[in-house]
1. Can you give the calculated 222 nm mean residue ellipticity of the chain, where each DSSP H run of n ≥ 4 adds -39,500 (n - 2.57) and the sum is split over every residue, rounded to the nearest 500 deg cm²/dmol?
2. Could you derive backbone 3J(HN,Hα) for the range 8-23 from the dihedral phi with the Karplus parameters 6.51, -1.76 and 1.60 (θ = phi - 60°), listing whole Hz in sequence and x where the residue is Gly or Pro?
3. Measuring from label point to label point, each 7 Å out along Cα→Cβ, what is the Phe4 to Leu30 span in nm?
4. How large is the accessible surface per residue of the chain, computed with a 1.4 Å probe and reported in Å² as a whole number?
5. Which residues among the range 4-26 fall inside the zone where the amide N is under 19 Å from a point 7 Å beyond the Cα of Leu54, along Cα→Cβ?
6. Using a 1.4 Å probe on the protein chains only, how many percent of the accessible area of the chain belongs to carbon and sulfur?
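The values are calculated or read from the model by the stated rules, or taken from the named source; none is laboratory data. Treat the numbers as computed from the prediction; the structure is a model and nothing was measured. Ideal geometry is used to build each Cβ from the backbone, glycine not excepted, and the neighbour counts take in all protein chains shown. With ligands, DNA and RNA removed, areas are computed over all heavy atoms of the protein, side chains included. Shrake-Rupley method; radii C 1.70, N 1.55, O 1.52, S 1.80 Å.
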Amino acid sequence: MGEFFSNVLRYPKYLITIVLGVFAASLDPLVRRSSNPITAISLIGALISGLLTLTYILRAMVFPVPIS
C-alpha cells in the first residue's frame, strides 16, 4: 500500500514538469526573436492581449450577468 501512495504522489511532480517544459519550449523561440524592436513590441502586445482576454473570461465565469 505504501508503494501505491508513493506512486500517486509522483503525479503532481510530472504535471509540473510537463507544464514548465511546455512553457520553456514555447518561450525560447520568442525570446530569441525579441531582438528586433518591431517583433518585441508585437510580442508585448500579444502578451497583454492574452492576459486581458483571460481576465475577462475568468471574470465572466465567476460573476455571470443575469439575463433579464
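1. On the way: 3 runs with 56 residues, N = 68.
Using -39500 (n - 2.57) per qualifying helix, the result is -28000 deg cm²/dmol.
2. For the range 8-23, the Karplus-derived couplings read 5, 6, 7, 4, x, 5, 5, 4, 5, 4, 5, 5, 5, x, 5, 4 Hz, x marking Gly and Pro.
3. Inter-label distance under the simple model: 4.2 nm.
4. Values: 6390 Å² over 68 residues.
Solvent-accessible surface per residue comes out at 94 Å².
5. Of the residues in the range 4-26, 15-26 have backbone N under 19 Å from the label point off Leu54.
6. Values: 4810 of 6390 Å².
Taking all protein chains in place, the chain shows 75 percent carbon and sulfur surface.
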